[in-house]
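Worksheet: one structure, shown below.
The values are calculated or read from the model by the stated rules, or taken from the named source; none is laboratory data. Note that the coordinates shown come from a computational prediction; the quantities given were computed from them, not determined experimentally. Cβ: placed from backbone, ideal geometry, glycine included. Neighbour counts: every protein chain shown. Only protein heavy atoms, including side chains, enter the accessible area calculation; ligands, DNA and RNA are left aside. Shrake-Rupley method; radii C 1.70, N 1.55, O 1.52, S 1.80 Å.
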Amino acid sequence: MVNDLSDVGAAPWWKRLAYRLLNAVLLAWVGVSRRGGGGTGGDPGPILVVQLHKIGDFVMTTPLIRSLARAFPDRSLVLAVSQGSFNLAETCPYASAVITVATQLGWRRTWANVRAVRRASRQVAALQPSIAVDPRWSADLVHEGLMVKWSGAPTRIGFAERASSSRALQSVGFDRLFTQTHPGRPGLLESRQMLLMLELLGVKEAVQQTEVWLTAEDETVAAEALGSLGSGRGWIAFAPGAGEPFRCWPADRFAGVAAALVAEGWRVVVIGGPEDVIDGGVIAAGAGQAVNLVGQLTLRQTAAVLAQCRLLVANDSAPAHLATAVGVPTLELSTHPVGAPPEHDNAPERWAPLGTVLQPVAQPGCERGCGADSPHCIATIESSTVLSAARHLLSTDPNRLSSNDPASSPP
């Protein structure tokens with residue numbers, strides 16, 4: 001598949017110019033900044049993997065992390081992650097060090113992110129990495145490429161700036177941060193896209209499955225949390241949250257689906273972060289008998305709870321990736337309309353979990369992706385459709401599902 005860069009030319013001229021000017025300033029700064037280490041004369045230095053975006057992005061990076069550990073057993077791994085992903089990264093059995101970087105998405109955070117990356121890069125450079133990897137296929141919004149450059153690693157790999165339209169627009173000039181780049185292959189699941197980095201290192205074997213590294217304590221917390229109700233036919237988890245409001249299906253509809261499944265003998269557990277407390281309460285109250293764990297669990301504990309479930313019903317969000325990592329099917333409600341570009345940041349072709357994705361029909365103006373400030377396209381998905389899809393997944397052998405196949409809807 002050829003990389004579609006048509007969106008770059010369609011972007012307003014002022015936006016293209018703004019990114020060129022901003023990146024020119026950043027690259028000029030990098031050019032005069034001290035590079036740091038760059039390996040030692042004796043044993044090879046560690047391999048740095050930089051993943052500073054959302055929690056789901058980190059989970060999607062775990063096959064690359066494990067594949068690198070297998071391919072280079074003589075080198076340690078260093079992970080640079082966002083603060084939100086630290087709970088998952090800290091138990092990584094392949095990493096000798098985990099460095100957190102206080103980055104946040106949003107153009108208003110540009111210079112704060114650059115400063116945070118620069119500070120963390122000093123820690124990284126002190127470790128003298130021999131290889132630095134930036135597996136970001138789409139636009140580099142928090143300047144992972146700068147960390148790769150500032151690490152001082154003699155081998156620095158990442159995707160070419162023309163690998164995707166968003167990268168060609170927003171990361172123009174960033175090829176100079178790397179010693180080698182990959183053109184990417186549009187249409188791949190994000191975890192498989194990241195594994196293309198291995199080709200630049202001459203590695204042919206890769207691990208496909210995402211992972212979450214749970215502790216015995218995580219599993220104990222999960223068991224105790226679900227011990228207040230009998231299992232019935234089994235547990236179904238509901239997660240009402242998402243990174244942006246327009247990606248959230250209405251909580252009262254989640255509640256209606258949960259109530260119908262409880263009436264059929266299933267047990268319901270509601271999960272999510274502190275920001276989901278109100279919506280979680282709506283679902284728990286509407287379901288009747290339910291365990292409401294919203295805001296009470298760490299990410300790993302959430303994954304341990306999901307491991308005890310038959311199904312997760314969720315928006316396109318971190319819990320869907322956690323469920324896939326522990327082998328539990330997800331019924332995902334996507335905001336990305338049917339027929340919208342598959343390389344969009346919300347496209348299920350890039351992020352589909354194990355299970356089924358329901359996509360809405362595009363509303364006027366959203367043909368290339370929903371960009372509303374509140375639930376819009378996703379709100380057109382009917383409760384009856386969600387309930388039918390949940391029943392279909394509950395009757396399907398999970399071993400017959402694959403997160404590596406294109407997103408699909410039930411027959």
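Filtering the stretch 120-138 down to residues that are in a loop (DSSP other than H, G, I, E, B) and either of a type in the set (Ser, Thr, Tyr) or open to solvent by 10 Å² or more (accessible area, probe 1.4 Å) (or both), which residue is farthest from Arg75 (Cα to Cα)?
Of everything passing the filter in the stretch 120-138, Ser138 is farthest from Arg75 (Cα to Cα).
When the stretch 193-223 is filtered for residues that are at pLDDT below 95 and over 17 Å from Val326 (Cβ atoms), the ones remaining, listed by number, are Lys204, Glu205, Ala206.
Scanning the stretch 183-213 for residues that are within 19 Å of Thr62 (Cβ to Cβ) and either open to solvent by 60 Å² or more (accessible area, probe 1.4 Å) or not hydrophobic (A, V, I, L, M, F, W, C) (or both) yields Glu190, Ser191, Arg192, Gln193, Glu199, Glu205, Gln208, Gln209, Thr210, Glu211.
Quick one: which of Gly365, Gly355 is at pLDDT 95 or above and either in contact with a Leu (Cβ under 7 Å, 6 or more places away or on another chain) or more than 16 Å from Gly187 (Cβ to Cβ) (or both)?
On inspection, the qualifying residue turns out to be Gly355.
Taken over the stretch 319-339, the residue count meeting the criterion of being outside any helix (DSSP H, G or I) and open to solvent by 10 Å² or more (accessible area, probe 1.4 Å) is 4. Among the residues of the stretch 224-263, just one is modelled with pLDDT under 95, surrounded by fewer than 18 Cβ atoms within 10 Å (Cβ to Cβ) and aliphatic (A, V, I, L, M), namely Leu229.
From the list Leu88, Leu105, exactly one residue is over 24 Å from Ser171 (Cβ atoms) and within 14 Å of the chain's Cα centre (by Cα). Which is it? Quick ask: steps written out before the conclusion?
Numbers: Leu105 fails: over 24 Å from Ser171 (Cβ atoms).
On inspection, the qualifying residue turns out to be Leu88.
Counting residues in the stretch 344-352 that are more than 15 Å from Phe238 (Cα to Cα), open to solvent by less than 10 Å² (accessible area, probe 1.4 Å), in a helix (DSSP H, G or I) and in contact (Cβ under 8 Å) with a residue 24 or more places away in the chain gives one or more.
Within the stretch 100-116, the set of residues being within 18 Å of Asp57 (Cα to Cα) and crowded, with 20+ Cβ neighbours inside 10 Å comprises Val101, Thr103, Asn113. Of the set (1) surrounded by 15 or more Cβ atoms within 10 Å (Cβ to Cβ); (2) modelled with pLDDT under 95, all apply to Gly41 but (1). Flag: Gly272 matches the condition of being in contact with a Gly (Cβ under 9 Å, 6 or more places away or on another chain) and either outside any helix (DSSP H, G or I) or closer than 17 Å to Glu224 by Cβ (or both). Scanning the stretch 219-271 for residues that are over 20 Å from Arg391 (Cα atoms) and of a type in the set (Lys, Arg) returns a single hit, Arg247.
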